[in-house]
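Have a look at the structure below, then the notes.
The values are calculated or read from the model by the stated rules, or taken from the named source; none is laboratory data. The shown structure was predicted, so the numbers you read here are calculated from the model rather than taken from an experiment. Cβ placement follows ideal geometry from the backbone for every residue including glycine, while neighbour counts extend to all protein chains displayed. Protein only, heavy atoms only, side chains kept; ligands, DNA and RNA dropped before computing areas. Shrake-Rupley method; radii C 1.70, N 1.55, O 1.52, S 1.80 Å.
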Amino acid sequence: MNRLLPFFAAAVVAGCAALYTDTRFHDDLSRQIRGDQWQAAIDVVAKAKEKGAYPDKDRLLYLLDMGALHHYAGEYEQSNRYLEEAERTSEELFTASISRAVLSMMLNDNVLEYRGEDYEEIYINVFKALNYIALGQHDEALVEIRRIDIKLQLLTDKYGKLVDALNGAPDPHIRFSAPSVDFHNDALGRYLGALLYYYDGKHDDARIEIENYYRAIAAQPQIYSQPALELSLSVLDTTLLHVMAFTGTGPEKVAIDFRVHTGKNHLLVFPAHRGERFAERFAWEGISEGYYFKFSLPELQRVNNRVVAIEVHADDRYLGTLRPIEDLSRVAEVTFQRRKSLIYLKAIVRTTLKGIAGQKAKEKFSKDDEQENKDQQKNQTDKEKKREKKSGRSGLAEWFFSAAVDAVTEISEQADLRRWHAMPAVAHAGYFPLPEGTYNIRLDFLDAHRQIIFQKFFPRVQVQRSRLNMVEAALLQ
Amino acid sequence: MKGSLISLLMVVSLLMAVLLPGCAPSTRVTRIESTTPTDLSGRWNDTDSRLVADEMIRDVLMRPWLKEHVAQTAQKPAVIVGQIRNLSSEHISTETFIKDIERELINSGQVRIVAARDERRGVRDERFEQQHFASEASMKAWAKELGADYMLIGSIKTITDAIEGKQVVYYQTDLELVQIESTEKVWIGSKKIKKVIERDKVRW
């Protein structure tokens, strides 16, 4: 019976959807998103959920995707319902499941509940704020701005301590460092906050948000190169048309295979496609040489954004070009770089321990089998011995056992490729002075050849003094 | 071999327990008294709304402006509940809060409440239709609405202090009663609620 267990485990592991990221609907969803087909994209997500592609552990991703897609589709109330639920779910998921954490140490990170990245939590509120602006509910939009502020303050507190805590763990096998500056302040959120406070007549709060906007840019050079858009109280003290746009899709996660070779008291880890010459060496006290294991890690890959400029026109008069106020893909990359150290460390430890346990099990099986054969041989007649030898049953059983152990080890090492599909790559913003009145606004989305690839029309937009006059569009090609 | 058998069985059991969605509990519904305090997320809820409305209205009705008004006019004051702004970091249904305040004021029997602007619009539509469709005897006349003497306005604000897993939220509700004719503020009340919300870092 005990010899059958690896086969049973292999069957469970291979058949369990929770162990790998279901990517079957990704291509279809990406196609609809890139084709500006929001309703079709919503249908793809809804169908994928029906088919179990968003299991309960990934419910946050479902809510994020639906929230963003409904926003792009102009269904702001629906979007808010999903995003409100997403925010509550994210709060619930703050409490981590021990059982899943234990499982992730044995299997892979796909079994963990998707708890959302820090920047995703911020963008939930950014999208909600934009929804409320579109609905004309500015008090509610300001609620979102206050929530962004609370979350950003928490982020600043959170990350300073993380690396210290990890390196201070009792007898860690591997010591590691992490990038020193983290995503802890969001220019996009601060920008929106400044606008909302200003038009609410709270000029002091607006001034603080403007200061925070510049502080976010200055303190995070790995995310923001320079202030793309100047912002001041005096600039806002005119009649303005504000425009926001989202373009491109956030980075994709792809699986990269790694190999682990053990040496005496150390490990060599290297990407499978690059070879051992590029190996990183990690000290591992007490490990023997001669083991070879494989594991997969997620890697972020930028998706090409066709849009390079967005021109704004009012009644066919060119007003100007939007500025890229935030590279959301860059925020995702920087955040992922920090987490990557943890993912990497965890995967190496897990693969090594699992691999060694598997090897030991195989060796033990082989030894037990040998002993069993000897015992049997004592009791067998010569004729039976001959028949047994001929069939080679013992060797075959060992081969199957070994294959089952390898299958459990390899199948369970899958990269966690889960991500928020509907997250845009870049947020653009701009403001344009206009006399009070009603205008037909047009946005031209241009590619690298200055060709118009998409136009968005906003008929009869009222521009009034001391009011947040805003239009917003998205093209995630 | 026995040891590895037990370990493997443990792993498989753990897998089953965590990965099988069918093991989740089914929906349960229990009816409870509407006045029973229920704090689930730690956010502003119906209990906060009711408690704040009760206390603030008790306070406003105890203050001298009421006696002075009755002494001067020999009538109950007519009050309208105006805008109560949500300046907090939570989506608070100010409509519910306004209704709680109106209910407490009416039930006190010491003031008269004038319908809010949106409600008046509906009533006026009804009166307009009566001019065409109701009998002369039952038709209600124009320009006989009760004009409010005072307007109650205010805001709900929050101050949040948070670290990972723990949050202290301080709610401050400010209400002001303004005499409509003179714009004189005759009463200012403030009610504060402080909540500590803690979240477990781990669960099984």
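Classification of the stretch A:22-139 by its C-alpha gyration tensor yields an oblate form. The axis ratio a/c (a ≥ b ≥ c) is 1.5 or more, and b/c is at least a/b. Label point of B:Arg124 set 7 angstrom out along Cα-Cβ; within the stretch B:135-173, amide nitrogens under 20 Å from it belong to B:139-152.
With the convex hull drawn over the C-alpha atoms of the stretch A:219-316, the volume per residue is 168 Å³. Projecting label points 7 angstrom from Cα along Cα→Cβ for B:Thr73 and A:Asp36 puts them 5.9 nm apart. The count of lysine pairs in chain B that are at least 8 places apart or cross chains, and whose C-alpha atoms lie under 14 Å apart, stands at 8. Measuring r between the beta carbons of A:Thr321 and A:Glu211 and using R0 = 30 Å, the FRET efficiency lands at 0.70.
Accessible surface for A:Tyr123 stands near 0 Å², nearest 10, in the context of the full protein assembly shown (1.4 Å probe). If R0 is 41 Å, the Cβ-Cβ spacing of B:Ala141 and B:Glu33 corresponds to a FRET efficiency of close to 0.40. Considering the zone a paramagnetic label at A:Gln222 would reach in this model (a point 7 Å from Cα along the Cα-to-Cβ line), which residues of the stretch A:329-351 have amide N under 17 Å from it? Correct set: A:329-345. Cβ-Cβ distance of A:Asp43 and B:Ser108, R₀ of 51 Å, FRET efficiency by 1/(1 + (r/R0)^6): the value works out to about 0.40. Between A:Arg24 and A:Val308, full extension at 0.36 nm per residue minus the direct alpha carbon distance yields a gain of 99.2 nm. Its relative contact order, with pairs defined as Cα atoms under 8 Å and 6+ residues apart, puts the stretch A:419-459 at 30 percent. Could you check the simple spin-label distance between A:Thr438 and A:His266, using points 7 Å along Cα→Cβ, in nm with one decimal? Distance between the two pseudo-spin positions: 7.6 nm.
Here the Karplus relation 6.51 cos²θ - 1.76 cosθ + 1.60, evaluated at θ = phi - 60°, turns the backbone of the stretch B:131-144 into coupling constants of 4, 9, 10, 8, 5, 4, 5, 9, 5, 8, 7, 7, 6, 10 Hz, with x for every Gly and Pro. For the peptides A:209-219, A:443-453, B:57-67, the ranking by mean Cβ contacts within 10 Å, running from highest to lowest, is A:209-219, B:57-67, A:443-453.
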